[in-house]
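The values are calculated or read from the model by the stated rules, or taken from the named source; none is laboratory data. Computed from a predicted model, the values in this text were never measured in an experiment. Cβ atoms come from the backbone with ideal geometry, glycine included; neighbour counts cover every protein chain shown. These area figures cover heavy atoms from the full protein model, side chains too; ligands, DNA and RNA do not enter into them. Shrake-Rupley method; radii C 1.70, N 1.55, O 1.52, S 1.80 Å.
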Amino acid sequence: MIRKYVFGEPFDTEAVVKEIETANGMPCFGTISTENGFAFTYKMSEDDIVYGLGEANRGLNKRGYCYISNCSDDPHHTEEKRSLYAAHNFLVVSGKENFGLFFDYPTVITFDIGYTRSDVLKVSCDAADLNLYVIEGENAYDIVKQFRSIIGRSYIPPKFAFGFGQSRWGYKTKEDFWKVTEGYRSNQIPIDMIYMDIDYMEGYKDFTLNEENFQDFPEFVSDMKEQGIRLVPIIDAGVKVEEGYSVYEEGVRNNYFCKREDGSDFVAAVWPGDTHFPDVLNADARKWFGDHYRVLIDQGIEGFWNDMNEPAIFYSREGMEELKEKIRKIVQEDMEALPVWELGAAVEGVANNPKDYERFYHNVDGKKIRHDKVHNLFGYNMTRAAGEAFERIDPGRRFLMFSRSSYVGMHRYGGIWTGDNKSWWSHILLNLKMMPSLNMCGFLYTGADLGGFGANATRDLVLRWLALGVFTPLMRNHAAIGTREQECYQFENTDDFRGVIETRYRLVPYLYSEYVKAALNDDMYFKPLAFVYPEDEFAVRVEDQMMVGNEIMIAPVYTQNAKGRYVYLPERMKLVKFTKDNQYTEEVLEKGHHYVEIALNEVPLFIREGRCIPVAKAAQTVEKLDTENLELLGFDGAEYELYEDDGIHKDYENPENYKILKK
Ligand code: GLC
């Protein structure tokens, strides 16, 4: 059962697509105050678990910390951080009482989940203008499915997007892309996508190509496709300010950019230098910006990643002036007692400065709305601009699309990647724990930068991270410029990398089938063990193992030098370890605690009692997989319902796409 409570004058975020009657005045589990802003308070019982918040820091059980939905470009995902790139304001309290809460509020909102007081859940924000949805259900899983049913169907990418992708900030020329292609193909490591980071553009201008490096781009795209590789370019939020650049000129002419109070176009410095932000909250501007994706689609491009859309601001003119003034003051006042840290903080604070978000406005249906009041909706609407444009450009076709910043509702238009992580072992675990939370909020097509974006990767870390990435719908190795090269062929014994990535391809029939079924049924692809074994006291607290689809459990290794790990089996399962050359070993393990040895070049998974999964022979691309001759692994007598389609169109309801396989 879902109840909607309306406070003040909420901004219509369009996160929820189903009409729900207002239930103001009815009980809502907690206490609500609208006196100083808005606050929802609930007294938690000792054993209550709190799930949700999608892309947020820390564990699967969110209890014990304070999180703030405030879309932020922060590449240091250390444990104390409260905000990452997204705002997914959905929580589930599971324990003495079971209920879900969705705070549909477009800007900064705080979730104090047993931080100030260990037994108090308090959700608060500055303005008492929001819609609150309260979901009553039998258990956490049931509540998630109800929530999913009101926010609309999750995005389904084309099937090639289930292949492996390589990315690195710094690939500049065709030769760079050919080198990557050669690195993979000559080592027979499967790959379907190479990502084009900002250097493909002319001066970081959206929808342009560096003419010198990418002459005959359509031919290049098609040559790559002949190698079985799709190029996936990045699109940034800010449009470069430059006379003669048509996107800039059209935007200025039609008032499609966010404006200052005085009506001038707001200037924010990002990669290209000065930029204007397209007003993606304005329907006309959104359509205009989205239509530009066609420029690349017409040249053969089938996928994109949207970046810097919190939106990230390196500095504004106003901010820079203030900084100069501050520095002048500090330096002039007292050189002796120069507070170095204050100076450092002032300089650092010029980027993504909250004050800048108060300096520009959106035009929503003729109403001028200051950006900070709707801050968390920008990335969502940039990606929506693209998603809506794809519908106009080629309505029957699926495009690959994922974004850095997001809000609930964006899950209908694209996926997300989890931003600038680091080559740290702890970030493998963070990646793992985040996945089910993202699924709760509708984001199914997700993944982290495998191998880590910042810092230098090591061979063992990349292998272990890829072994988790085998199961994340988005499987992409990406790294920052200046870091150690971490493409799979950069390390010794590339065979090991081939084995791990081949395992992904062997599992694509299963992973794709489970993904599409999850999307069509408002279900989860990654589930916490607690959702499947709610009565099992051990399973309920496990955070480093996950259910993937309905048939298997995974338990990735995330510690340096480990030879294996402890795994808890909530029921009897068959352990399958995949190695290279289409090999695997099998062993049935009884319910309980086990130590499982897992070599660096092995990918383990656990098939549930009485279940089976389809497995293909490895191939160099998704398209080349032989899905006619699948082997079934698991328990004899088991059946599996395979979903399969052409991977491009949206023919999901066709009964021919569903097949029962028997082992
Ligand atoms: C941002 C993105 C990262 C990208 C870089 C350069 O940091 O998060 O993925 O490589 O910008 O475009």
Net charge near I49, counting Lys/Arg +1 and Asp/Glu -1 over other residues with Cβ under 9 Å of its Cβ? +1
Residue by residue through region 445-452, what is 3J(HN,Hα) from phi via Karplus (6.51 cos²θ - 1.76 cosθ + 1.60, θ = phi - 60°)? Round to whole Hz and write x for glycine and proline. 7, 9, x, 9, 5, 6, x, x
Three principal axis extents, largest first, for the C-alpha atoms of region 462-558, in Å? 46, 29, 25
Per residue, in Å², the accessible surface of the chain once ligands and nucleic acids are set aside, probe 1.4 Å: 38
With all protein chains present, the chain has a carbon and sulfur share of its accessible area (1.4 Å probe) in percent of 46
For region 77-136, state which GluC sites (Glu not before Pro) are in a DSSP loop and have at most 10 other beta carbons lying within 10 Å of their beta carbon. E79, E80
Test of the criteria: in region 520-558, which GluC sites (Glu not before Pro) are in a DSSP loop and have at most 16 other Cβ atoms within 10 angstrom of their Cβ? E535, E537, E543
When the chain is fully extended, how far beyond the present Cα-Cα distance does E211 get from E175, taking 0.36 nm per residue of separation? 11.5 nm
Taking the C-alpha atoms of region 216-268, convex hull volume expressed per residue in Å³: 102
Based on the mean of other Cβ atoms within 10 Å per residue, sort peptides 370-379, 466-475 so the most packed one is first. 466-475, 370-379
The base-10 log of I(q)/I(0) that the Debye equation returns for region 244-286 at q = 0.16, 0.26, 0.29 Å⁻¹, one scatterer per C-alpha, is -0.39, -0.98, -1.13
In terms of modelled amide H atoms, which long-range or inter-chain residues lie less than 5 Å from the amide H of D279? F257, C258
Report the calculated FRET efficiency for K659 and K624 (r = Cβ-Cβ distance, R0 = 30 Å), to the nearest 0.05. 0.90
Excluding residues fewer than 8 places away in the same chain, name every one of the aspartates and glutamates whose C-alpha is closer than 16 Å to that of K4. D12, E14, E19, E21, D104, D129, E136
Size-normalised alpha-carbon gyration radius of the chain, reference 2.2 N^0.38 Å: 0.95
Which listed pairs, of K159/K517; K617/K662; K159/K580, have C-alpha distances above 20 Å, in listed order: K159/K580
Restricting to lysines and to Cα separations under 18 Å from K433, and discarding same-chain partners fewer than 8 apart, the set is K62, K81, K422, K527
Coil-residue trypsin sites (Lys or Arg not before Pro) of region 47-116, DSSP, other Cβ within 10 Å capped at 12: K96
D646/A283 FRET efficiency (R0 35 Å; Cβ-Cβ; nearest 0.05): 0.60
Phi-based couplings in Hz for region 640-651 (Karplus 6.51, -1.76, 1.60; Gly and Pro marked x): 9, 8, 8, 9, 8, 8, 6, x, 10, 8, 10, 8
Using the C-alpha atoms of region 234-390, what convex hull volume per residue, in cubic angstrom, is computed? 123
Which value in deg cm²/dmol, rounded to the nearest 500, describes the helix-derived mean residue ellipticity at 222 nm for the chain, given -39,500 (n - 2.57) per DSSP H run of n ≥ 4 and division by the residue count? -7500 deg cm²/dmol
Which pairs break 31 Å Cα to Cα here: K172/K367; K145/K563; K174/K624; K172/K324? K172/K367; K145/K563; K172/K324
Once you have the Cα-Cα distance between E348 and E242, take 0.36 nm times their residue separation minus that, and quote the gain in nm to one decimal. 35.5 nm
Taking a ≥ b ≥ c as the square roots of the Cα gyration tensor eigenvalues, with a/c under 1.5 meaning rounded and otherwise prolate when a/b beats b/c, else oblate, which class fits region 103-157? oblate
